[in-house]
1. How much of the accessible area of the stretch 306-428, probe 1.4 Å, is carbon plus sulfur, in whole percent?
2. Counting only the heavy atoms of the protein chains, how much of Glu390 is accessible to a 1.4 Å probe, in Å² to the nearest 10?
3. Where the eigenvalues come from the Cα gyration tensor of the stretch 117-216, what are the semi-axes √(5λ) of the equivalent ellipsoid, largest first, in whole Å?
4. Among the complete DSSP H segments of the chain, which ones combine at least 30 Å of alpha-carbon extent along their axis with a mean Kyte-Doolittle hydropathy of -0.5 or more?
5. Give the accessible area for Tyr388 in Å² (nearest 10); use a 1.4 Å probe, count only protein heavy atoms, and leave out ligands, DNA and RNA.
6. Can you give me the pair-distance distribution of the stretch 154-259, C-alpha pairs, 5 Å bins, whole percents?
7. Let me check I've understood the local charge: for Lys107, count other residues with C-beta under 12 angstrom from its C-beta, Lys and Arg +1, Asp and Glu -1. What total comes out?
8. So how long is each side of the stretch 215-334 along the principal axes, counting just the alpha-carbon atoms, biggest first, in Å?
Amino acid sequence: MKPSVCIIGAGIGGLTAGAFLAKDGFDVTILEKATTVGGSAGFYYRNNRRFPTGATIAFGLEEGGVLKNLLAKLGMNPPFMELLHPMDVILPDREVSIYKDKSEWEKELQLSFSERKEDVLLFWEKLEQIGEDVLSVTKSEVSLPIQRIYDLGTLPSFAVKNPLSLARLAKYTTWTVEKLLNAYKLDTYMPLRQFLNAQLVDAVQTDVSKAALLPSSVALSIYRKGSFVFENGMGQLCELLEEEIRKKGGRVYLSSPLKDVAYDATSKQWKVESRKCNSTFSTIINNSGVSFGDKTSYEADDFSWGAFRIDGTVKVDILDQLLGKTLPFAYQIVSDNPHVNKYCHNPIYVTFHQSKNSAGENVLDEVMMTISVHTEENKWLQLSKESYNENKVLLMELLLEEVEKNFRLKEHLLFAEAGTPVTYKKFMGKSKVGGFPLTITNAVLKPRSFRTNLPNWYIVGEHTFPGPGTLSSALSGYYVSRAITKEYFKKSEH
Ligand SMILES: Cc1cc2nc3c(=O)[nH]c(=O)nc-3n(C[C@H](O)[C@H](O)[C@H](O)COP(=O)(O)OP(=O)(O)OC[C@H]3O[C@@H](n4cnc5c(N)ncnc54)[C@H](O)[C@@H]3O)c2cc1C
């Protein structure tokens, strides 16, 4: 019989690992603290509405895309919609619309960055070329750091066929985005810098000065490579992965946080205690992002952001003021209000999309709104109850005011509620969400392995290679499942 695997956390990384292992015949059990699956890519119910907990846009679902390929391996082909105009970035003095279409995008770059249009076009062309090379290497399924031969995926044959692509990448391994800006004498050109910072902080959790060029080149071109939404949000994909696991005989226990876990060296089994499951397992995958004892996750290793969010509903009439424009799915607003910057970090990420009730049905005449920003967890965790409530109301008002500057929001607002790192901690067990910053050290020099020093204990999700985001977390889930499967077959051959 194949080993039993316990996965702590039903985030997209844990669910992907679970779906692959269940498909390969492993006995999979997932323990999830929350009442729904998906973690930061999930959903929650409030006021008879289904709100996203975090992620709204999926990537890698284009033909031949990384997520599309992973789902195909699982025999899954869920329906989704492509966004041809995924985002508008509103800077203090201008607006940049991101379009999928190449010629529309190049026109936009020239218009928005007219002062330096030739250099910006050249910079962007180089960035996209590096991004393409990185994506091709990613498709070889190489998992860093390479510790076993199978971590290489198909990289060796890729290298034989594409030596130039690898040579080009080698040059940029220790470059930041700022160094590339510098090469085009654009490092002091503020509008472009502000635009890139907004995109990078959301995607790689740091700005041009520290962001490693290799993963950032993908992050900056990925909206145009393909941005996708599911009708019922990212949570729908997570529910489908959960269904796959159950279909293959696996179990997913919701509202069942891990309470205790201990290794028995004699039986070589992990004894696991949770609300709904007390059992022993030969292998543990920790997707929760929190440690249970010594080095069982990475959360203490580096700075990670927390999130402050406002979820709400607005009357559909809010869209009337935008008539005549093609509407993006999301907005990034870069605020120059010092009060906002005291509590959180730009950009303010805003989405307006179809409102869904708890049954997943469309709510007529209503649009769902999400507003989220990066914030530091220690600005919230150590406050007294009064200061916490005061700060929460204050930041909520400040952010609504910033949105009001761009849309007449207040007259259309039906319902709004704010969540802080304390809220994430309460419902998801962790206050740092979104993963660690992809600096040169984290992304290239010391990528975080899914392996640990503990026997048969693996880590999966945004805290491991390749890093933050739903696509990377799903990919890390696949890498862990590949390792567990390969190790099992190696042992059974002996
Ligand atoms: C506001 C916001 C917006 C985002 N937008 C996007 C986007 O548009 N596109 C995108 O690609 N990415 C986005 N991201 C990032 C993306 O959502 C995450 O990087 C990704 O979903 C993390 O997945 P994960 O596998 O690491 O698991 P996580 O989502 O971190 O899930 C961990 C799970 O473990 C559970 N858990 C915790 N403690 C325990 C315990 N003791 N026992 C059992 N279970 C436990 C939690 O409840 C949770 O379900 C966003 C993130 C945030 C916060």
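1. 53 percent
2. 120 Å²
3. 28, 15, 10
4. Membrane-span-like by this rule: 117-139, 470-493.
5. 30 Å²
6. Calculated over all Cα pairs of the stretch 154-259, the distribution is 2, 10, 13, 14, 12, 11, 12, 12, 8, 4, 2, 0 percent.
7. -2
8. Reported extents, whole Å, longest axis first: 70, 36, 28.
The values are calculated or read from the model by the stated rules, or taken from the named source; none is laboratory data. Since this is a predicted model, take the numbers as computed values, not measurements. FYI the Cβ positions are ideal-geometry reconstructions off the backbone, even for glycines, and counts take in every protein chain you see. These area figures cover heavy atoms from the full protein model, side chains too; ligands, DNA and RNA do not enter into them. Shrake-Rupley method; radii C 1.70, N 1.55, O 1.52, S 1.80 Å.
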